[in-house]
Amino acid sequence: MIMPMNTTHARLAIILVIFTWLSCVGCRGVSQDPSQAKASVKTHLTSASNEPLARVSNRPGDTKGRVFIVMYHHFKPGRGDLFRTPKQFRQDLETYYKLGFRPVLASEYLANKMPLAPGAMPIILTFDDSNPTQLHLLTDGSVDPNCAIGVWTEFAKTHPDFPVHGTFFVLPETMFGQIRKFRDKKIEILHNLGSEIESHTMSHPFLNRISDQRVLKEIGNANLWLAARGQKPPFSLALPYGVLPRHTQSFYGFVWKGHKIHFSGVFLAAGPPARSPSDPKFKRFRIPRMAANWEGDAVGYWLKQLAKGKIKPYVQP
Ligand SMILES: [Zn+2]
């Protein structure tokens, strides 16, 4: 189950993440093998006529610029970074779209194969904890128009070049609620839309507070759970609370219950726009994400920095 994040927890997590991020800025990169990333990258750019795609913006191409990775949690009223209302989410999508962002999956980013039109900037929308308001089905099995998937699906009808390609870091024990009735159907819905589900561990612990063996259990079992539901490894992992375990060798691969476990990338829960996989300083096991908020050090702040020309974004040539 998800531990409710009180103010103290939230502050602690943010401090730990900022410390981790700062301490890694200057550290040497470790062996990072892009071939570990998913080989089959989905694309929404297959044009029936094979005509060249229209240019999205006049920004010059830059494949070493920063990539915006945004982290969403709940879609209902609430205070703090964990809440966006459905209406606010609709506005977020409109904002991203008008600025020239187009959605890509975490797996596409990690594989450095982002299917983008010329002039487009990638944006990776990530959804943590498989909260019920991310994907809720009505009693007849249709998607609730007020859940995140409902809002985005409606938006994509009028913005077909902003398809519902999101990355969901799920918890097997919650899976958007409605588990017994709709769990498998929800996985199928996400898959059919072109979204993906990835790991957020089994039970959302602070990984720095548990033994190395329990870390392996948390991330090993989650990967086996995903694989058993047709998801293709290697998976990426969003760290609960953005907190790294005391030892991170497990990210590079280990054997669990007879299966090889390894990751294409590991995501934090704070920080600036992420480095491009083409940037020599890219570190695939410490990738920052921005909270979905227009206050504080969240995506709104970084969009202002972008508007001021203080940040160089990744732009498809
Ligand atoms: Zn979480």
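ASN131 meets all of the listed conditions (1) modelled with pLDDT under 95; (2) within 16 Å of the ligand (Cβ to nearest atom); (3) on the phi < 0 side of the Ramachandran plot but one, namely (1). Pick from the range 149-168 the residues that are of a type in the set (Ser, Thr, Tyr) and part of a helix (DSSP H, G or I): which of them is farthest from the ligand (Cβ to nearest atom)? Within the range 149-168, the match that is farthest from the ligand (Cβ to nearest atom) is THR158. Of the residues making up the range 227-277, just one is within 16 Å of the ligand (Cβ to nearest atom) and among the polar types (S, T, N, Q), namely SER236. Just wondering, is there one or more residues in the range 271-278 that are surrounded by fewer than 16 Cβ atoms within 10 Å (Cβ to Cβ) and part of a strand (DSSP E or B)? No, the range 271-278 contains no residue that is surrounded by fewer than 16 Cβ atoms within 10 Å (Cβ to Cβ) and part of a strand (DSSP E or B).
Of the residues that make up the range 249-268, is at least one crowded, with 19+ Cβ neighbours inside 10 Å, assigned to a loop (DSSP other than H, G, I, E, B) and at negative phi? Full working, then the answer.
To start, the set of residues in the range 249-268 that are crowded, with 19+ Cβ neighbours inside 10 Å comprises 250-251, 261, 263-268.
Those still in the list that are assigned to a loop (DSSP other than H, G, I, E, B) too: 268.
Add one more test, that the residue is at negative phi, and what stays is 268.
Within the range 249-268, one or more residues are crowded, with 19+ Cβ neighbours inside 10 Å, assigned to a loop (DSSP other than H, G, I, E, B) and at negative phi.
For the range 205-216, a residue qualifies if it is closer than 23 Å to ARG229 by Cα and within 15 Å of the ligand (Cβ to nearest atom), and exactly one does: PRO205.
Among the residues of the range 161-184, those that are surrounded by fewer than 15 Cβ atoms within 10 Å (Cβ to Cβ) and under 28 Å from GLY265 (Cβ atoms) comprise GLU173, ILE179, ASP184.
Could you check, for the range 127-143, whether at least one of its residues is within 24 Å of ALA291 (Cα to Cα) and part of a helix (DSSP H, G or I)? Break it down into steps so the answer makes sense when it comes.
As a first pass, look at the range 127-143 and keep what is within 24 Å of ALA291 (Cα to Cα): 127-136.
Then drop every residue that is not part of a helix (DSSP H, G or I), which leaves none.
Taking every residue of the range 127-143 in turn, none turns out to be within 24 Å of ALA291 (Cα to Cα) and part of a helix (DSSP H, G or I).
Screening the range 67-114 for residues that are under 20 Å from VAL315 (Cβ atoms) and within 16 Å of the ligand (Cβ to nearest atom) and picking the one that is surrounded by the fewest Cβ atoms within 10 Å (Cβ to Cβ) gives VAL70.
Cβ-Cβ contacts under 8 Å between residues 6 or more apart (or on different chains), taken from a first residue in the range 231-254 that is closer than 15 Å to ASP212 by Cα to a second residue that is assigned to a helix (DSSP H, G or I) and β-branched (Val, Ile, Thr), are listed as VAL243/VAL17; VAL243/THR20; LEU244/THR20; PRO245/VAL215; HIS247/VAL215; SER250/VAL215; SER250/ILE219.
Whenever a residue of the range 179-200 is at pLDDT 95 or above, its partners that are of a type in the set (Asp, Glu), lying with C-beta atoms within less than 8 angstrom and at least six residues away or across chains, give the pairs LEU190/GLU196; HIS200/ASP128; HIS200/ASP129. When only residues in the range 169-204 that are touching a Phe, Trp or Tyr at 6+ places or on another chain (Cβ under 6 Å) and part of a strand (DSSP E or B) count, which is farthest from the ligand (Cβ to nearest atom)? This residue is ILE197.
The values are calculated or read from the model by the stated rules, or taken from the named source; none is laboratory data. Only a predicted model underlies this, so the values are computations on that prediction, with no experimental measurement involved. Methodologically, a virtual Cβ is constructed for each residue, glycine included, from the backbone with ideal geometry; neighbour enumeration extends over all protein chains shown.
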